[in-house]
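Values quoted throughout were computed directly from the atomic coordinates according to the rules given, and no laboratory measurement underlies them. Note that the structure is a prediction, hence the values are computed from the model and not measured. In this analysis, Cβ positions are derived from the backbone assuming ideal geometry, glycine residues included, and neighbour counts consider all displayed protein chains.
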């Protein structure tokens with residue numbers, strides 16, 4: 001914090017003449033209240049979690065310099081659930097432990113060709129499949145890092161980050177395999193080019209973890225790949241599409257020698273408020289040993305492979321996810337805005353020794369009223385040869401200024 005404060009003072013002094021120096025202050029406040037219920041076969045009692053999260057801070061800016069400090073607190077109002085840290089684990093896991101912590105503390109230099117950010121910050125790359133903010137969980141994910149985003153060449157963006165600490169969602173009580181923070185060397189490189197077909201990205205993500213308690217370094221990996229994401233107007237409809245491939249292998253102190261592939265093909269068609277989508281995602285396997293399949297430990301996992309969260313750690317035999325979705329959205333409905341209805345179906349199978357893992361149905365309804373967003377979600381995972389039957393229900397209210 002002393003380093004950030006000193007850098008801010010120097011930066012503000014250098015950015016404008018002393019007599020003309022002005023500093024603009026902006027408050028940062030957002031709050032979330034959520035009820036989550038989980039019923040899981042094999043556990044006698046269900047989980048009932050009513051949690052509240054508040055993030056508050058301030059942003060100060062002068063010319064190209066911006067400094068930001070933000071804290072967060074999570075309170076369990078109803079704590080009839082296993083938070084991942086405090087036994088006994090007689091109820092299903094709801095990964096929202098109580099927490100009071102510094103969420104972000106960063107200084108940033110912004111100009112048209114270059115943005116530099118140093119300190120505790122959020123990093124979200126592409127669709128967050130490999131590096132994201134985990135924003136659905138109350139405590140979120142941040143990095144102690146330095147990041148450079150270069151847009152000096154038209155249509156091309158270069159994005160490079162080095163992080164020495166990954167701040168997890170487990171909060172101040174994190175311990176053992178669920179640490180508050182995982183130190184190490186994390187390097188994220190991403191180059192995106194806006195082509196006529198869409199945004200073409202090439203990426204390299206190197207994860208070198210120092211915490212032996214977290215899977216014995218087995219989450220250390222090197223991932224290289226490419227992605228295309230674009231959209232086209234087809235008559236009165238909008239066609240959106242994604243294609244992605246990546247190759248992952250062990251890195252640094254990882255005792256497992258492995259390599260595995262990732263594939264994604266996704267498309268959606270939207271017209272008159274209706275949206276029909278589908279896709280096929282593969283997280284491949286190598287030899288069937290634990291943690292030798294394609295892993296994404298820094299992803300915003302809730303966005304992928306169903307909301308029941310059965311595949312946050314990829315099974316030893318990998319996972320194939322065939323999915324389809326149907327939704328409807330309208331910008332205004334009386335006093336409500338951004339009204340959304342959505343249903344999705346997932347069929348999960350293994351990558352090697354092919355077998356059916358299970359199926360999942362996910363449902364969502366959400367709407368915004370002024371600065372408040374209300375959402376209701378439901379997930380139903382029906383197990384075949386992996387995990388156990390699980391249903392989840394969420395009622396959530398978000399408010400931000």
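Stretched out fully, how many nm does the piece from residue 287 to residue 100 gain, at 0.36 nm a residue minus the Cα gap?
Contour length minus the Cα-Cα distance gives 63.2 nm.
If packing is taken as the mean number of other Cβ atoms within 10 Å per residue, what is the order of 283-293, 262-272, highest first?
Listed from highest to lowest mean packing, they are 283-293, 262-272.
With no solvent and one equal point scatterer placed on each C-alpha of region 123-185, evaluate the Debye formula and give log10 I(q)/I(0) for q = 0.12, 0.17, 0.20 Å⁻¹, two decimals.
Here log10 of I(q) over I(0) equals -0.37, -0.66, -0.84.
If you fit an axis through the alpha-carbon atoms of helix 2-15 and take the longest principal axis of the Cα set of the chain, what angle between them do you get, 0 to 90°, nearest 10?
50
Convex hull volume of the Cα atoms in region 281-383, per residue, in Å³?
For region 281-383, the hull spanned by Cα atoms encloses 95 Å³ per residue.
Specify the residue with the greatest mean-square fluctuation among 296, 22, 142, computed from a Gaussian network of the chain linking alpha-carbon atoms under 10 Å apart.
22
Counting alpha carbon pairs within less than 8 Å and at least 6 residues apart, what relative contact order, in whole percent, applies to region 152-305?
Across region 152-305, relative contact order equals 14 percent.
Describe numerically, in nm with one decimal, the distance between label points set 7 Å from Cα along Cα→Cβ at residue 231 and at residue 372.
Calculated label separation equals 2.9 nm.
What does the convex hull of the Cα atoms of region 232-336 come to per residue, in Å³, rounded to a whole number?
It is 127 Å³ per residue.
Per residue, what volume in Å³ does the Cα convex hull of region 173-216 take up?
Per residue, the Cα convex hull of region 173-216 comes to 95 Å³.
Quick check: Cα centre of region 227-298 to Cα centre of region 78-134, how many Å?
22
Would you please state which residues of region 66-86 a label at residue 54 would reach in this model, taking the label point 7 Å out along Cα→Cβ and a backbone N cut-off of under 14 Å?
It comes to 71-77, nothing else.
What is the distance in Å between the Cα centroid of region 346-392 and that of region 309-330?
7
Using only Cα atoms, what is the ratio of the radius of gyration of the chain to 2.2 N^0.38 Å?
So the Cα radius of gyration is 1.02 times the expected 2.2 N^0.38 Å.
Along Cα→Cβ, 7 Å out, is where each label goes; now give me the distance between the ones at residue 347 and residue 114 in nm to one decimal.
5.2
Where the convex hull is taken over the Cα atoms of region 63-218, what is its projected area averaged over directions, in nm²?
Result: a mean projected hull area of 11.0 nm².
In percent, what relative contact order does the chain have, based on Cα pairs under 8 Å that are 6 or more apart in sequence?
11
Suppose only helical runs count, i.e. DSSP H with n ≥ 4. What mean residue ellipticity at 222 nm does that imply for the chain under -39500 (n - 2.57) per run, divided by all residues and rounded to the nearest 500 deg cm²/dmol?
Theoretical 222 nm ellipticity from helices: -1000 deg cm²/dmol.
Would you compute the Debye intensity of region 174-276 from its alpha-carbon atoms alone, equal scatterers and no solvent, and pass along log10 I(q)/I(0) at q = 0.21 Å⁻¹ to two decimals?
So the normalised log intensities work out to -1.02.
What is the percent of Cα-Cα separations in region 31-85 that go past 18 Å?
52
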